[in-house]
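First comes the structure, then the notes that go with it.
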Amino acid sequence: MKVVVIGSGEMGHGIAEVMAIYKNEVTLVDIKDEILDKAISKIRESLDRLKKRGSIEEEPEDILKRITKSINLEEAVKDADLVIEAVPEIVDLKQNIFKRLDQFTKPDAILATNTSNIRISEISKFVNKKDRVVGMHFFNPPVLMQLVEIIKGPDTSPEVVQKLYEITKQIGKTPVIVNKDTPGFIVNRINAAESLFICLVLQKGINYEEVDAYFRSLGLPMGPYELMDYVGLDIVAHSLEYFAKEISPEYGKCTKIKEMVNNGLLGRKSGRGFYDWTKGRPQINAKQNPIIDVNDLLAIDINEASKLLEDNVATPNDIETAVKLGMNRPFGPITVAKSADLNDVKSRLERISSEYGITIFQPTDSIKTGKLKELLEGEKKEEKKEFETLNVSKEGKVAIVKLNRPKLNLINYTLLDELDRLLTELWNDRSINVILITGEGQNFSGGAELSAPITDQVQFLELVRKGERTFKRLTEIPKIVIAFVKGYALGGGFELSSYCDLRIATENAVFGFPETGLGLVPAWGGTQRLPKLIGISRAMYLILTAQRISAKEALEYGLVNKIVKDENEALEFAKDLSERIAPISAMLAKRLINRGSEVPIDVGLEMESIAGGLLFTTEDLKEGIVAFFSKRKPEFKGK
Ligand code: NAD
């Protein structure tokens, strides 16, 4: 993938380094050659350190070969697949860069910003391709920090979010999704409230060293003031200023930190902030004094997290992950909220709010009413049902599963993951007897997403294993699984259909394995499953010639069981089976057929007789026989 990183400062050079480590071709853009040279030498130093620690296998020089420098933004971005902007946090500057990106990038390029706080909609204000603009918020230093917040703007296309989510995983990071374009997203939103609080405590005239000594004694890596120094007081001040403008002027009540910044005290980066950093990490020898109660800080975190939940900004899981990874905490506010006494949280917040005269510390409605716990549970249930790459609906006893990745429904890791999760959900769902799998739009599936950024053999192997495992479950799930194929069922799409128990297709369906013509083999079980379905000779022909066959030919091969006119007819067929066929019989029959073909016939026959015996006492057998003789439809219960 071609990645362009704009701005080679603190964040930009680190992002470029990560992207290059994971085998992407990177162009690093800045305004002056000297700045870029400095950035490259920082990357070299960092790569040398990683190599020494054994964290990378490749030689640093080979990784550096994938990074090019440029001071010509227009030229650099013209064939980029992904642009990540990391220039200073100034709205006009970012807007201007995005105006140029709008004009000079390919129509399908992803235009990401590493902004810490600014709304995506503000940055993309003058952009035409607003659907391509998205937040990709790394944490400092990008090489070491796991978390990346992916922020949806109001116009960001779901496809862009999905792609970026996958790219983030491919570069070894943990993505969380920020569903709403809100200032500070997850981590900085929670951080800002904490910063405001500890700044207000400071302004009362306390000894901050005693607070830090106390926090360190609790086993935390840093106290709150030391941490602000570490992050950069300028960054904290800037963020509070932004929140004062965007969320509440109360964030502006912290004046002390701004004062320090104006006096050149920026913390670690300038050598001096609350502490002297010129000789490395400060020694803190003050007595431990619990001036700040840790539970007060946790109450503030829970309050901010509940605002994010009430506003549907992110799921509880993502909030928890973001705080753990982004703030280096052993647990996040969701874990605390789950076990906390919400009355205690409420009274702490009310006390803090009245002590400092700050309304943003007032407990939210969900804390006051105790609904927060429900909100966590409710969201969790919804979360489980939501799929990004599948549309799932139910008609009678049929679950209709549509692959939903326009236009070709290409299969990626997320789709496999979601299909796997869906099968687990349906496994013991007795209201469903048949699963009908098809694609949204004109096609079943054009195959695996080969353009997905696979960075090494191990990742590719994992993708292959994931496909095999997921598809194999279709042969084991105690339901009749039908593939309804229309348009293309190629490569991985063909393999998916071949793992279903039955295949029905429209006349325009096309089956084929293009793999051998691409230097691959059908690797999601294609070489193993297909010969079982249509015999070695025909499977050999299809795989070795990479020829496509029509639905009619597939019917002649016995690959397709039935040709149908359209989706309605396919659904009718599925519904009929869901009512007419006893679910336990279907479950056992499919297993006997699939497993029976793998064992000696005597074993298969033994299995068959045991299955027959097992069915002998079921209610459904009695119902089937009675219904047959009464000439009525059976009503099977799966018992
Ligand atoms: P920085 O000041 O260290 O680096 C910014 C770089 O952008 C500089 O090298 C500068 O020369 C370059 N630049 C300025 N104008 C440019 C232009 N027109 N074209 C190309 N390059 C230009 O800033 P940073 O700390 O790396 O922050 C960058 C972004 O990342 C900001 O939006 C910031 O909020 C965000 N961020 C920062 C941190 C952090 O801890 N520093 C963490 C997460 C996100």
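The values are calculated or read from the model by the stated rules, or taken from the named source; none is laboratory data. Since the structure is predicted, the reported quantities are computational estimates derived from the model, not experimental observations. Cβ atoms come from the backbone with ideal geometry, glycine included; neighbour counts cover every protein chain shown. Calculation scope for accessible area: heavy atoms of the full protein, side chains included, ligands and nucleic acids excluded. Shrake-Rupley method; radii C 1.70, N 1.55, O 1.52, S 1.80 Å.
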*From a point 7 Å beyond the Cα of Ser248 in the direction of its Cβ, which residues of the range 332-363 have a backbone N at a distance under 14 Å?*
349-363
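Can you give me the accessible area per residue for the chain, using a 1.4 Å probe, in Å²?
Numbers: 29410 Å² over 639 residues.
Normalised by residue count, the accessible surface of the chain is 46 Å².
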_³J(HN,Hα), Karplus 6.51/-1.76/1.60, whole Hz, each residue of the range 588-603, x for Gly, Pro_ = 6, 4, 5, 5, 4, 5, 5, 6, x, 6, 9, 10, x, 4, 4, 5
*Run the quick spin-label model on Gln547 and Asp365: label points 7 Å from Cα toward the beta carbon, then report their separation in nm to one decimal.*
6.7
*Carbon and sulfur atoms: what percent of the 1.4 Å accessible area of the range 582-630 do they account for?*
71
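Using Cα-Cα distances under 8 Å and only pairs 6 or more residues apart, what relative contact order does the range 187-375 have, in percent? Don't skip to the end; give the middle numbers.
Working: 232 pairs, mean separation 40.6, N = 189.
Relative contact order, the range 187-375: 21 percent.
Any chance you could run the full-extension gain for Glu476 through Asp48? It's 0.36 nm times the residue separation minus the Cα-Cα distance, nm to one decimal. Intermediate results must be reported in sequence, preceding the final value.
Numbers: separation 428, 0.36 × 428 = 154.08 nm, distance 4.94 nm.
Contour length minus Cα-Cα distance gives 149.1 nm.
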_If the reach is capped at under 24 angstrom between alpha carbons, list the lysines near Lys562, excluding any in the same chain fewer than eight residues apart._
Lys394, Lys397, Lys402, Lys472, Lys479, Lys486, Lys532, Lys552, Lys575, Lys590, Lys633
*Given the C-alpha centroids of the range 172-207 and the range 514-534, what is the distance between them in whole angstrom?*
51
*Arrange the peptides 265-271, 227-233, 69-75 so that the one whose residues have, on average, the most other Cβ atoms within 10 Å appears first.*
227-233, 265-271, 69-75
*asked:* Using the crude model of +1 on Lys and Arg Cβ and -1 on Asp and Glu Cβ, and no other charge, please compute the dipole size for the chain relative to its Cα centre, in debye to 20.
replied: 840
*Of the listed pairs Lys94/Lys256; Lys23/Lys180; Lys23/Lys279; Lys245/Lys371; Lys169/Lys407, which have alpha-carbon separations greater than 26 Å here?*
Lys94/Lys256; Lys23/Lys180; Lys23/Lys279; Lys245/Lys371
*On a 0 to 90° scale, report how tilted helix 187-203 is relative to the longest principal axis of the chain, with both axes built from alpha carbons and the result rounded to the nearest 10.*
20
*Obtain the nm distance between the two label points defined at Ser597 and Asn179 by a simple spin-label model: each point lies 7 Å from its Cα along the Cα-to-C-beta direction.*
4.3
*Given 0.36 nm per residue, what is the gain on full extension from Ile206 to Ser431 after removing their alpha carbon distance, in nm?*
74.6 nm
*Return the sequence-ordered ³J(HN,Hα) values of the range 567-582 in whole Hz as given by the Karplus equation 6.51 cos²θ - 1.76 cosθ + 1.60 applied to θ = phi - 60°, using x for Gly and Pro.*
5, 4, 5, 4, 5, 4, 4, 5, 5, 4, 5, 5, 9, 8, 9, 5
_Size of charge dipole - the range 362-442 - debye, nearest 20, with Cβ of Lys, Arg +1 and Asp, Glu -1, no other charges_ = 160
*Tell me which aspartates and glutamates have Cα within less than 14 Å of Lys163's Cα, excluding those fewer than 8 residues away on the same chain?*
Asp81, Asp108, Asp131, Glu149, Glu388, Glu449
*Under a cut-off of 15 Å between alpha-carbon atoms, report the aspartates and glutamates in cross-link reach of Lys622, not counting same-chain residues fewer than 8 places apart.*
Glu635
_Top positive-direction residue, dipole computed over the chain with Cβ charges, set Thr278, Ser248, Pro142_ = Pro142
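Is the chain rounded, prolate or oblate when judged by the Cα gyration tensor, a ≥ b ≥ c being the square roots of its eigenvalues, rounded requiring a/c under 1.5 and prolate requiring a/b larger than b/c? Could the numbers behind the result be given before it?
Details: a/c = 2.53, a/b = 1.70, b/c = 1.49.
Verdict is prolate for the chain.
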*For the range 153-240, build the charge dipole from Cβ charges (+1 Lys, Arg; -1 Asp, Glu) around the Cα centre, then report which of Gly184, Ser195, Val160 sits farthest towards its positive end.*
Val160
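Within the range 135-180, list the GluC sites (Glu not before Pro) lying in a DSSP loop whose Cβ has at most 16 other Cβ atoms in a 10 Å radius. Write down the numbers at each step before the final one.
Details: sites: Glu149, Glu159, Glu166; in loops: none.
Filter output for the range 135-180: empty list.
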*Enumerate the calculated ³J(HN,Hα) couplings along the range 79-89 in order (Karplus 6.51 cos²θ - 1.76 cosθ + 1.60, θ = phi - 60°), each rounded to whole Hz, writing x wherever the residue is Gly or Pro.*
10, 6, 8, 9, 10, 10, 8, 9, 8, x, 6
_Can you compute the charge dipole magnitude of the range 387-569 about its Cα centre, using +1 on each Lys and Arg Cβ and -1 on each Asp and Glu Cβ, nothing else charged? Give it in debye, rounded to the nearest 20._
380
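Accessible area of the range 187-375 with a 1.4 Å probe: how many percent of it is carbon plus sulfur?
On the way: 4040 of 8360 Å².
Exposed carbon and sulfur together represent 48 percent of the surface.
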_For a quick check: with amide H placed at 1.01 Å from N, whose amide H comes under 5 Å from Ser445's, ignoring anything fewer than 5 positions away on the same chain?_
Tyr488, Ala489, Leu490
*Which value does Rg/Rh take for the range 387-569 over its C-alpha atoms, Rh per Kirkwood?*
0.94
